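Structure, as structure tokens:
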Amino acid sequence: MANIQSIADFKAGKKRKLTILQVYVYKRLDESSYIIADLSDHAKLSVVTKPEFGKAIALGTFIKLVNPSLENGTIIPGHMPLQAGPIQYKKLEEEDLGNLPKEKLRTFDEIGKLAVKSNVPEVVSKVTFLSPKKPSPYSGQFRTAGVKDCKGQRHAIQLFGSHSDSVEMGKVYKFENLTVGNFKGPMDNWNRLGTSGRTSITEASNEIANDFSEIEDGDGKFEGIVLGHEKPYLYHSCPKCGKKCEEKDAFCGQAACRSELTETVHDFNVTLHIQECSKEEKIQKVFCFRSQLEITLESHSKEELTTKLENLNYKVCQVQYRKSHQSQDESLKAIKIKFNS
Ligand SMILES: [Zn+2]
């Protein structure tokens, strides 16, 4: 290990016959520059003069730089970087990353390159999905907003406390001072963003919102014809928040609701099989809640439910959906179903 030099010593100009820096690739700044760190310090690494070296540099990995050079504080690799074993490295705070672009980050592509805990000064995006409110692990409540930027790229923002009431589906907002969180969705390759006390959320002007007029809610839509349904799941729900409860419960069990339950709703969910009215005539499985099908049940009976579901057969509908990330069988989750009358 005698040849391994620290970033701090290297930047200070301490000469060695052979310099090897073993570093962690902390962050990508753009096509050809990175922030690297070891335990002593961090530095900018640039491959602008040797773009092919970029292929050997992966974010979040450890690399060895053999005989690099230094120009205006930026480290330039002398040879193709090598993979290296893990080392301890300095955890960087926002102020250490002061040489990062501080201007507005326009797209989620750029935001996806930021390290955990980074501040996102401003991003404008359209809310294309809103989860129900859940009790927050910290305090109060939170919900997740699925959002898209003006290029249609998806991201997700955890809205904590009063921020959970600040957005509506389908509207465009300017989010200021979001933070890159630790949490990744099951199928996502980016960390979710989150609100904090410094966050402000304001509705975008009509002029800005116009840039989003082509951006659709959810993951897609199709027109189809209902062929049938799978076995529905019948349950009781709270009339106030719509969450599952037991018929005997005196109060709703949801921390964010706690309504007194004088009566419950006869509720259900069901997977419909809907054939697309396109050339492929593909049959889609679409998971739906009762409220999306506009069915009201008078009783808690399977017979009534089955009759009402069979009334949907052969009806033509417009389905707006999200792709389900939990199931392996490519089933879809309905956002909205509109039946042609
Ligand atoms: Zn409730």
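Remarks
- Positive minus negative residues near F53 (Lys, Arg vs Asp, Glu; Cβ under 13 Å): +1
- Peptides 306-318, 23-35 ranked from most to least packed give 23-35, 306-318, packing being the mean of other C-beta atoms within 10 angstrom over each peptide's residues.
- Within-12-Å neighbourhood charge of S237 [Cβ basis; K, R +1; D, E -1]: -1
- Distance between the modelled labels on S291 and K338, one decimal in nanometres: 1.9 nm (7 Å Cα→Cβ projection).
- Normalising the average separation of contacting C-alpha pairs (under 8 angstrom, six or more residues apart) by the number of residues puts the relative contact order of the range 108-212 at 29 percent.
- The dipole here belongs to the chain: it is taken about the Cα centre, uses +1 on the Cβ of Lys and Arg and -1 on the Cβ of Asp and Glu, and is about 1240 debye.
- Protection proxy ranking for 36-43, 167-174, using the average of other Cβ atoms within 10 Å per residue and placing the highest first: 36-43, 167-174.
- Contact order relative to length of the range 220-339, as percent, for alpha carbon pairs under 8 angstrom and 6 or more apart: 30
- Angstrom value of the Kirkwood radius, inverse mean 1/r, which spans all Cα pairs in the range 162-310: 19.3
- DSSP beta bridges fully contained in the chain are about 90 percent antiparallel.
- Taken about its Cα centre, the range 7-97 carries a charge dipole of about 480 debye when Lys and Arg each add +1 at the Cβ and Asp and Glu each add -1 at the Cβ.
- Mean separation of Cα contacts under 8 Å (6+ apart) over length of the range 7-97, as relative contact order %: 30
- The residues neighbouring E31, those whose beta-carbon lies less than 13 Å from its own, together hold a net charge of 0 under the Lys/Arg +1, Asp/Glu -1 convention.
- Lacking any other cysteine beta-carbon closer than 4.7 Å, the following Cys residues of the chain have no compatible partner: C150, C245, C277, C288, C317.
- Ellipticity estimate at 222 nm from DSSP helix runs (n ≥ 4, -39,500 (n - 2.57)) divided over the chain, nearest 500: -1500 deg cm²/dmol
Every number here is computed from the coordinates shown, using simple stated rules; none is lab data. Here the structure is a predicted model, which is why all the values come from computation and not from measurement. Virtual Cβ from ideal backbone geometry, glycine too; neighbours counted across all protein chains shown.
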